[in-house]
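Trainee: Can you read through this structure? Questions will come right after.
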Amino acid sequence: MTKIKLCGNFRAEDADLLNLVQPDMAGMIFVPNQRRTVNIQAALAIRARLDSNIPLFGVFKNQNIDDILSIFETDMIQGVQLHGDESELDVELLQKKDIPVIKVRTPEQALLPTSANYLLLDESAGSGKVFDWRMVPPKSLRQQPLILAGGLTPANLQAIIDQTHPDVVDISSGDETNGIKNLDKMRTLVQIAHKNV
């Protein structure tokens, strides 16, 4: 089964939708000045309403590792997604605290080594732009589970899974209508991902 992460959740009501569709992971953005950025109060409200079986990843970009650890220690998040120029030392510092780490890279950087638990390929952080899927390395060259992001929608998800065989797909804007999470789109995306063995 292809796993699915639904990211960019920023309203408490988004947790209710996630509970209905049961993705394998969910995400909240802590990067300042982004449209879907959550503050601590919103993040706590989402985690409180979210099914405890759905791990919630916090998305960060070039932020202080001590601040990330402080957020993790509140139990708001169960993993960290790093979108910036964080070093391998940063990744290892988080992992020493038993924090699963997703490291985001561009397709051109796909084969650079990382000790992160997952490698996420995206054209540019949270742009919603599709990249050339032919750039995704074959499974035989991958060093850790691969997450694909960037412009994934109910219309193209199956074709992209067929072509690239990711371990996980990560969707943010592709499950929205007019900037708000859409239950029908979320349900369809989860069903598409989970039907792939």
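The values are calculated or read from the model by the stated rules, or taken from the named source; none is laboratory data. Everything numeric here is computed off the predicted structure, so don't read it as measured data. With ideal geometry, Cβ positions are generated from the backbone for all residues, glycine too; neighbour counts draw on all protein chains shown. For accessibility, only protein heavy atoms count, side chains too; no ligands or nucleic acids. Shrake-Rupley method; radii C 1.70, N 1.55, O 1.52, S 1.80 Å.
Trainee: Step by step: find N for the chain, compute 2.2 N^0.38 Å, then divide the Cα radius of gyration by it. What's the final number?
Mentor: Dividing the Cα Rg of the chain by 2.2 N^0.38 Å gives 0.94.
Trainee: To the nearest 0.05, what FRET efficiency results for Glu108 and Leu183 with a Förster distance of 30 Å applied to their C-beta separation?
Mentor: With a Förster radius of 30 Å, E is 0.25.
Trainee: Would you mind working out the accessible area per residue for the chain, using a 1.4 Å probe, and quoting it in Å²?
Mentor: Result: 46 Å² of accessible area for each residue.
Trainee: What is the local net charge at Lys3, summed over the other residues whose Cβ is closer than 11 Å to its Cβ (Lys, Arg +1; Asp, Glu -1)?
Mentor: -2
Trainee: Helix-only estimate, please: 222 nm mean residue ellipticity of the chain, summing -39500 (n - 2.57) across DSSP H runs of length 4 or more and dividing by its residues, to the nearest 500.
Mentor: It lands at -8500 deg cm²/dmol.
Trainee: While we're on this one: Please work out the Cα center distance from segment 91-121 to segment 41-82, rounded to the nearest Å.
Mentor: Here the answer is 17 Å between Cα centres.
Trainee: Local charge sum around Met186 (other residues, Cβ-Cβ under 10 Å, Lys/Arg +1, Asp/Glu -1)?
Mentor: -1
Trainee: Please give the contour-minus-distance gain from Asn19 to Ala159: 0.36 nm per residue of separation, less the Cα-Cα distance, rounded to one decimal in nm.
Mentor: 47.8 nm
Trainee: Tell me, what ³J(HN,Hα) does each residue in segment 30-35 have, in order and in whole Hz, if you take phi through Karplus 6.51 cos²θ - 1.76 cosθ + 1.60 with θ = phi - 60° and put x for Gly and Pro?
Mentor: Along segment 30-35, the couplings run 9, 6, x, 6, 9, 4 Hz.
Trainee: Would you mind counting up the charge near Asp85? Only other residues with Cβ under 14 Å from its Cβ, with Lys and Arg at +1 and Asp and Glu at -1.
Mentor: Computed value for this residue: 0.
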